[in-house]
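Quick notes on the structure that follows.
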């Protein structure tokens, strides 16, 4: 069984003024809040055990999930209203919660990234290899993960600043979705910091625990990050139905 995590605690500053009165997770697209799009996609892939982290207008998210009965899923809340923990810290808190299945993998994704990814195929690849899978693509961006032999993570670069860590290899853009194996999660739980990002954590452990590139076929995705992209995002969301 795979447990899913949806990162929904962000402030959504790029979606102002919508996020002046609602959390990013509840910004509507084609008649559904972003969170519902993510939950239903996970549910349709057979994943019904989900944790959502909250910070900005947390009660709105909690009430929406309750009213809609989790859209058919068992949704737990990880409360970060006291402090935003970033992706790594947020996942660490969720993993350390008493209800977590510590011997199972976790699929983690961002609430504001829509895509046509076949989640069942992603899960099948994880089950085939037993190796953590990072969903990536060849799209253009400023920051890239770098992959080497066996498509294992070996570095990171920001081509705008010239900053680079690790070795050189194949440059691929991260989508914000990943399936993490129990050994990666156990290492995450041991991290001393409470607030940190997943990418630096991956770079720290990549020489000891493999993390593999997963490039979906015919992949289309959109980061719903800016207010002037809402119309485009609505059209994209409708194309996924």
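For region 118-241, what percent of Cα pairs sit more than 26 Å apart?
Working: 2062 of 7626 pairs.
For region 118-241, the fraction of Cα-Cα distances above 26 Å is 27 percent.
Helix-only estimate, please: 222 nm mean residue ellipticity of the chain, summing -39500 (n - 2.57) across DSSP H runs of length 4 or more and dividing by its residues, to the nearest 500. Write out the running numbers ahead of the final one.
Working: 7 runs with 69 residues, N = 241.
Calculated at 222 nm, the ellipticity per residue is -8500 deg cm²/dmol.
Starting with the highest mean, order 163-169, 193-199, 36-42 by the number of other Cβ atoms within 10 Å, averaged over the residues of each peptide.
Top of the packing list down: 36-42, 193-199, 163-169.
Please label the shape of region 139-201 as rounded, prolate or oblate, based on the square roots a ≥ b ≥ c of the eigenvalues of the alpha-carbon gyration tensor (a/c under 1.5 means rounded; beyond that, a/b larger than b/c means prolate, else oblate).
prolate
What's the angle, to the nearest 10 degrees (0 to 90), between helix 58-67's Cα axis and the longest principal axis of the chain?
Rounded to the nearest ten degrees, it is 70.
Listing 129, 161 from the residue with the fewest other Cβ atoms within 10 Å to the one with the most, what is the order?
With the sparsest Cβ surroundings first, the list reads 161, 129.
Per the Cauchy relation, a quarter of the hull surface: what is the mean projected area of the convex hull of the alpha carbons in region 165-208, in nm²?
Mean projected area of the Cα convex hull: 3.9 nm².
What FRET efficiency do you get for residue 79 and residue 238 if R0 is 35 Å and r is their Cβ-Cβ distance, rounded to the nearest 0.05?
0.60
For the ranges 225-231, 112-118, what's the packing order if you count other beta-carbon atoms within 10 Å of each residue, average per peptide, and put the highest first? Kindly include the intermediate steps, with their values, before the conclusion.
Values: 225-231: 12.6, 112-118: 20.0.
Per-residue Cβ counts within 10 Å, averaged per peptide and sorted highest first, yield 112-118, 225-231.
If each Cα of region 1-139 is one equal point scatterer, what is log10 of I(q)/I(0) from the Debye formula at q = 0.17, 0.18 Å⁻¹?
With one equal scatterer per Cα and no solvent, log10 I(q)/I(0) is -0.96, -1.07.
In what order do 102, 3 fall by count of nearby beta-carbon atoms within 10 Å, going from fewest to most?
Ordered by Cβ neighbours within 10 Å, fewest first: 102, 3.
Identify the residues of region 204-220 with backbone N under 19 Å of a label point that sits 7 angstrom from the Cα of residue 190 along the Cα-to-Cβ direction, or state none.
Under cut-off, by backbone N: 204-211.
Choose one answer from 58, 182, 17: the residue with the largest mean-square fluctuation in a GNM of the chain with alpha-carbon springs under 10 Å.
17
Calculate the translational D of region 3-240 in whole µm² s⁻¹ from Stokes-Einstein, where the hydrodynamic radius comes from the Kirkwood formula applied to all Cα pairs, the temperature is 10 °C and the viscosity 1.306 mPa s.
Values: Rh = 18.2 Å.
The calculation lands on 87 µm²/s.
Compare 28, 98, 216 in a GNM of the chain, Cα atoms joined below 10 Å, and give the one with the largest fluctuation.
Judging by the Gaussian network model, the answer is 98.
Tell me the angle of helix 34-44 to the major Cα principal axis of the chain, expressed in degrees between 0 and 90 and rounded to the nearest ten.
70
Out of 108, 25, 186, any idea which swings most in a Gaussian network model of the chain, alpha carbons joined below 10 Å?
Most flexible of the set in this elastic network: 186.
Quickly rank 29-35, 138-144, 61-67 as a protection proxy: mean count of other C-beta atoms within 10 Å, highest first.
29-35, 61-67, 138-144
Taken together, the values in this text are just the output of simple stated rules run on the coordinates, not laboratory data. All of these numbers come straight from a predicted model, not from anything done at the bench. Please note: Cβ atoms are built from the backbone with ideal geometry, for glycine as well, and neighbour counts cover all protein chains shown.
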